[in-house]
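Structure record follows, encoded as structure tokens.
The values are calculated or read from the model by the stated rules, or taken from the named source; none is laboratory data. Since the structure is predicted, the reported quantities are computational estimates derived from the model, not experimental observations. Cβ placement follows ideal geometry from the backbone for every residue including glycine, while neighbour counts extend to all protein chains displayed. Please note that ligands, DNA and RNA were not included when accessible areas were found on the heavy atoms of the full protein model with its side chains. Shrake-Rupley method; radii C 1.70, N 1.55, O 1.52, S 1.80 Å.
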Amino acid sequence: MNLAANLETLHQRIRTACGRAGRNPDSVTLLAVTKTQPPEVVQAAAALGLLLFGENKVQEAKAKIPLCPGNLRWHMIGHLQSNKCRDAVELFKMIQSVDSLSLAQEINKRAEQAARTMPVLLEVNVAGEASKFGYRPEQLLVELKELNALTRIEIHGLMTVPPWSAEAEKARPHFRRLRELKERAEAVLGAPLPHLSMGMSGDFEIAIEEGATMVRIGTELFGPRIKAGPRAEAD
Ligand SMILES: *Cc1c(COP(=O)(O)O)cnc(C)c1O
């Protein structure tokens, strides 16, 4: 693996996709997904200037993060269980995988105990896949005001993992649906939501064309993972 070359290629592809969409490349943040990768790989990525990292399991993050440079920012991107919220609040700058009111309430409680506020994204199951975590769009709109009333949580936007497909273009309608849902959520809240976290190694260019502000990239940076499947997100 040549991390520096992978990163350069990735930046180039992000710039090109932004160019196609008439967007400023600064409007797209790269989140490096390091699940299954050892601290040495994180360190190498940090040495190349990457600052924002994602993990999908609290347990793995808890073991790894203390062994990594202290100036990095970490986001939780996998399904979060209530009994891991306390650790998650300690480890992460943002939780991108809030998918129920009860989970949000637990994060809120733990954040209060830690005397902080927690930025979150609401994860949406845009295609309604039975096997996947995430809000159904209608349920999200129903609970949105109650979520927003939690004082220790700041809703920064929406996140999704579309159904797996070998064809990136197949993800486009799902990304578009997430963008439209964000607009409806903004109307309910009467306030803008800055983030759309969507797009992974196989489909990030399509996601950028559809408005992604954060792309979550593992494989294209670090090569294939050792064990987990390409879309594994369970804790
Ligand atoms: C693993 C993972 C990614 C990165 O996937 P790649 O295809 O390796 O880029 C992005 N988002 C989530 C939620 C993940 O679990």
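Overview of values
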{"read-out": "Positive-end residue, the chain charge dipole about Cα centroid, Cβ charges, pick of GLY49, CYS68, LEU178", "value": "CYS68"}
{"read-out": "Euclidean distance between Cα centres, the stretch 51-88 to the stretch 25-46, Å", "value": "13 Å"}
{"read-out": "Accessible carbon and sulfur surface of the stretch 1-133 relative to its total accessible area, %, 1.4 Å", "value": "49 percent"}
{"read-out": "Most fluctuating residue given options VAL188, VAL215, VAL161, as computed from a GNM of the chain linking Cα atoms under 10 Å", "value": "VAL188"}
{"read-out": "Spin-label model distance (nm) - GLU8 vs ARG184, 7 Å beyond Cα toward Cβ", "value": "4.5 nm"}
{"read-out": "Lys, Arg +1 and Asp, Glu -1 on Cβ, resulting dipole of the chain about Cα centre, debye, nearest 20", "value": "220 debye"}
{"read-out": "Axial C-alpha extent at least 15 Å, average Kyte-Doolittle at least -1.0 - helices from the chain (DSSP)", "value": "3-21, 101-113, 137-148"}
{"read-out": "Pairs beyond 26 Å (Cα-Cα), from LYS57/LYS145; LYS93/LYS145; LYS35/LYS132; LYS62/LYS182", "value": "LYS57/LYS145; LYS62/LYS182"}
